[in-house]
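Take a look at the structure set out below.
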Amino acid sequence: MKFDNSSIERVEQFKYLGTTITDQNYIQEEIKSRMKLRNACYHSVQNLLSSRLISKTLKITKYRTIILPVVLYGCETWSLTLREERRQRVFENRVLRKVFGRKSDEVTGEWRKLHNEELNDLLSLPNIVRVVKSRRMRWAGNVARMGDDRGVHRVLVGKPEGKRLLGRPRRRWRIILSWIFRKLEGVVGTGWSWLRIGAGGGHLWVR
């Protein structure tokens, strides 16, 4: 393709503002890219996470301020499958096991790894999947308050023409968001859409 006498190469994917964009609009490529970056970031600070000279509180702070922003950059627009959510939890538990170390078993007296439930109790903060859902809801509120003249608002509320391709449909961002709202107390049975909730119930995603 040419533009102002300049040739523009046609590619299947490219980076824009740090996010991987594909010609088929597959968010999975961006998630894979985030996974590679998170592993590199984790390995660069794992010695600090296991150090006995640093308090566990400071280690958790480092995780949430250094590693988590790399993992969740642009997560507001992700449509995670259950498999991808499990992978995110597995990664977070690996980091937490590095932070909290091993525990002496009360029965055998041997040192063992902490179970997932024990890690959740020690963290006492929203896990990584809940953080993704919270940011997604906050972004939904921002979009719902935008006017019709904003391109982002028109893309999300618009209905594309044409026929859907054969096969199982992909998880859509709006569908996942509606599932979350149905689980919230007071929303079940109201018939509200995510847009109406976004315009009239800001307290749902501000937290």
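Table: residues versus (1) touching a residue at least 24 places away in the same chain (Cβ under 8 Å); (2) of a type outside the set (K, R).
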residue: S7; (1), (2): no, yes
residue: F14; (1), (2): no, yes
residue: T19; (1), (2): yes, yes
residue: D23; (1), (2): no, yes
residue: K32; (1), (2): no, no
residue: K36; (1), (2): no, no
residue: V45; (1), (2): no, yes
residue: L49; (1), (2): yes, yes
residue: L53; (1), (2): no, yes
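Only a single criterion out of (1) modelled with pLDDT of 80 or more; (2) within 19 Å of C75 (Cβ to Cβ); (3) in contact with a Lys or Arg (Cβ under 8 Å, 6 or more places away or on another chain) is not satisfied by L156, namely (1).
Does any residue of segment 6-15 turn out to be touching a helix residue (DSSP H, G or I) at 6+ places or on another chain (Cβ under 9 Å), over 21 Å from R83 (Cα atoms) and modelled with pLDDT under 85? Scanning segment 6-15, I find at least one residue that is touching a helix residue (DSSP H, G or I) at 6+ places or on another chain (Cβ under 9 Å), over 21 Å from R83 (Cα atoms) and modelled with pLDDT under 85, so the answer is yes.
The set of residues in segment 2-56 that are basic (K, R) and either over 30 Å from V99 (Cβ atoms) or under 21 Å from the mean Cα position of the chain (by Cα) (or both) comprises K2, R10, K15, K32, R34, K36, R38. D149 falls short on exactly one of the conditions (1) within 26 Å of R64 (Cβ to Cβ); (2) more than 20 Å from the chain's Cα centre (by Cα), and that condition is (1).
Scanning segment 65-90 for residues that are over 21 Å from T20 (Cα atoms) and surrounded by 14 or more Cβ atoms within 10 Å (Cβ to Cβ) gives a single hit, R89. Of all residues in segment 1-38, those satisfying the criterion of being surrounded by 13 or more Cβ atoms within 10 Å (Cβ to Cβ) and hydroxyl-bearing (S, T, Y) are T19, T20, T22, Y26, S33.
The values are calculated or read from the model by the stated rules, or taken from the named source; none is laboratory data. If you're wondering where the values come from, they're calculated on a predicted model, not measured in any experiment. Heads up, the Cβs are rebuilt from the backbone with ideal geometry, glycines too, and the neighbour counts pull from every protein chain shown.
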